[in-house]
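The values are calculated or read from the model by the stated rules, or taken from the named source; none is laboratory data. As the structure is a computational prediction, the values presented were derived from the model and not from experiment. Here Cβ is always computed from backbone atoms with ideal geometry, including for glycine, and neighbour counts include all displayed protein chains.
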Amino acid sequence: MNRMKHLFCVLLLAALGSFSFKANAYTERNMLQKAADETTLKNVLVMKQAWVPYPAYTDRAAWDSLMGPNKQRLIEAGEKLLDYKWQLIPATAYLEYERSGNRKIMEVPYDANRQALNALMLAELAEGKGRFIDQLLNGAYMSCEMNSWVLSAHLPRQSSKRSLPDFREQIIDLGSGGYGALMAWVHYFFRKPFDKINPVVSLQMRKAIKERILDPYMNDDEMWWMAFNWKPGEIINNWNPWCNSNALQCFLLMENNKDKLAKAVYRSMQSVDKFINFVKSDGACEEGTSYWGHAAGKLYDYLQILSDGTGGKLSLFNEPMIRRMGEYMSRSYVGNGWVVNFADASAQGGGDPLLIYRYGKAVNSDEMMHFAAYLLNGRKPYATMGNDAFRSLQSLLCCNELAKATPKHDMPDVTWYPETEFCYMKNKNGMFVAAKGGFNNESHNHNDVGTFSLYVNTIPVIIDAGVGTYTKQTFGKDRYTIWTMQSNYHNLPMINGVPQKFGQEYKATNTVCDEKKRMFSTDIATAYPAEAKVKSWVRSYALDDKKLIIGDIYTLDEAIAPNQMNFLTWGNVTFPSAGKIRIEVKGQKVEMNYPLQFKAELETIKLDDPRLSNVWGKEIYRITLKTEEKKVTGKYGFVIQQVK
């Protein structure tokens, strides 16, 4: 009880504003532009692909040494594609996105072609006998014949607003940038053997890359992800480093005019600076752990390419913020494949060990390098496959080192991101709590200000459901009609019967973490719209060695409807007596004690979306605590502890 009284004292002080932290917004750091102006950049650029860290295609001894145990594996993967039928993507596959919102019908054959081209490239580099050249030529030729490399879901950014490629206009998205970079690497390694067959294919490849990547990159300031026209309240997310890293590869591999190359690379630095300025300096990834590899991970890729392309003369790897962005992934890993999953993230993951190792080595983070080895769980590291040529090639450089690294994942009891307002706390008995403040216009946003997840011995017990399969609705005007995006399907109150609302202005205030006492609190009142009639609602989490205490202290302008508390879980839920709920998940048992003025109800949520059911099974459950009381002020306490 003393702990509970102390908690409510903290809540009261927070409600009065004694503890407050004003999260920094966009900050003009401009790290890259401060590191070098265009003239300096021009002087340090390594020209004519002398920067490439891989052997020439014909240097078989060097490739054998680099490939090591990957060689036979990559050759065998390529052999399976010697008879691959390159897939035509019909117009109706593109149009399906605007007709039904389905993007997969276009993306599946598109991605199969890209993965095949990458696998064949790696196979030929591994073997070097020319056996895969004809299929590579087929894939490159077919790729040039496409009108566009842009994904159907992103084509409505064309002037036509349609999902069918318009040959009169080229834009750059995640798909086209990655496709262009892959084609640039295929051209770099195999131009000579292609030319022996017919030089027109290499010419056509250069023309396609120029028209689809190089020219629009230099001439179109309106592409939103470049952020040249960014305004406060707008988002700069993973698209920025992802697209810029791909474009930078294309320029460094295809452009040999030093003046033109310097202008292009400096333009990329100006754009990526916008992303670094937007990200909070604490290093957290507000897009969620599933996007870490595309956000912080792609920033690392960009910085690595830039460092290579300037002979190491231009680097941000000594910047503490860049290191913190990398270590966010190790801090967000709970264990046994489970991660903290705010926003559009899955609760299962952990990241790519080879990417994490390379990033950690670049920023001198033992934490990341040990974590990468830990993720392998005794397995040998092998080259990354998939459709990302740069990551496949880079993975070859560190497989041997990673295999020798010491596995370890020993994180501090509290990790606090004061600007992003994420807080992770754990105790010695296996309880791990992740809580957040923030605001309801984060990248890949869910209306989830003040929510939490609870893990017991790495198993999620009180959960964040995550996100379903992406459709047109996911990123359209109807996003918040999807239940996974709504606050009433997070672990949050409905105040006066009203859930939280989307928008920059709907946010947490007075967010504070006491790391020594393992306590986190935030006022979530302004995350709710005016009709909630809420003046203050301080939600807090306090974790001691045996239990989690959740506290609410509130003041309303008017009590219109009873308050309601929601908790999501996926275990076996029982109600042994009034004021008690028991949850058992995969052998982990907890008991929640709640105030007796509430009555508990259980709602079953069927999961027919494989992106959700692959994580949680066929259904999850929402525990709803309802009261008939209508009070202008009050406080609630909920205690969750492990039981046998």
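Kindly indicate whether any position in the range 173-193 is of a type in the set (Asp, Glu) and either buried (at least 23 other Cβ atoms within 10 Å of the Cβ) or out of contact with any His (no Cβ under 8 Å at 6 or more places or on another chain) (or both).
Step one: list which residues in the range 173-193 are of a type in the set (Asp, Glu), which gives 173.
Next, from what is left, pick out any that are either buried (at least 23 other Cβ atoms within 10 Å of the Cβ) or out of contact with any His (no Cβ under 8 Å at 6 or more places or on another chain) (or both): none.
Within the range 173-193 (the criterion being of a type in the set (Asp, Glu) and either buried (at least 23 other Cβ atoms within 10 Å of the Cβ) or out of contact with any His (no Cβ under 8 Å at 6 or more places or on another chain) (or both)), the answer is no, since none of the residues qualifies.
Candidates in the range 318-370 are the residues that are aliphatic (A, V, I, L, M) and touching a Lys or Arg at 6+ places or on another chain (Cβ under 7 Å); of these, the one that is farthest from Val456 (Cα to Cα) is Val363. Contact map, the range 53-71: first residue without any contact (Cβ under 8 Å) to a residue 60 or more places away in the chain, second residue in a loop (DSSP other than H, G, I, E, B) and aliphatic (A, V, I, L, M), Cβ cut-off under 9 Å, separation 6 or more or different chains; pairs are Ala62/Ala56.
Conditions tested, residue by residue: (1) assigned by the TED database to the domain that holds Asn441; (2) assigned to a loop (DSSP other than H, G, I, E, B); (3) at pLDDT 95 or above.
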residue: Thr469; (1), (2), (3): yes, yes, no
residue: Thr474; (1), (2), (3): yes, no, no
residue: Thr484; (1), (2), (3): yes, no, yes
residue: Thr526; (1), (2), (3): yes, no, yes
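With respect to Ser315, determine if the residue is among the polar types (S, T, N, Q), assigned to a loop (DSSP other than H, G, I, E, B) and in contact with a Ser or Thr (Cβ under 7 Å, 6 or more places away or on another chain). Judged against the criteria, Ser315 is a match.
Scanning the range 517-537 for residues that are within 20 Å of Phe598 (Cβ to Cβ) and under 29 Å from the mean Cα position of the chain (by Cα) gives Ile524, Tyr528. Every condition in (1) under 33 Å from the mean Cα position of the chain (by Cα); (2) surrounded by 16 or more Cβ atoms within 10 Å (Cβ to Cβ); (3) at pLDDT 95 or above is met by Ala50 except one, and the failing one is (2). Going residue by residue through the range 140-150, is there one that turns out to be buried (at least 18 other Cβ atoms within 10 Å of the Cβ), in a helix (DSSP H, G or I) and of a type in the set (S, T, N, Q)? Yes, the range 140-150 has at least one match.
With under 24 Å from Trp51 (Cβ atoms), among the charged types (D, E, K, R) and over 19 Å from the mean Cα position of the chain (by Cα) as the only criterion, which of Glu319, Glu367 stands out?
Details: Glu367 fails: under 24 Å from Trp51 (Cβ atoms).
Just one listed residue meets the conditions, Glu319.
Asp514 satisfies every condition listed in (1) more than 21 Å from Gln597 (Cβ to Cβ); (2) in contact with a strand residue (DSSP E or B) (Cβ under 7 Å, 6 or more places away or on another chain) except (2).
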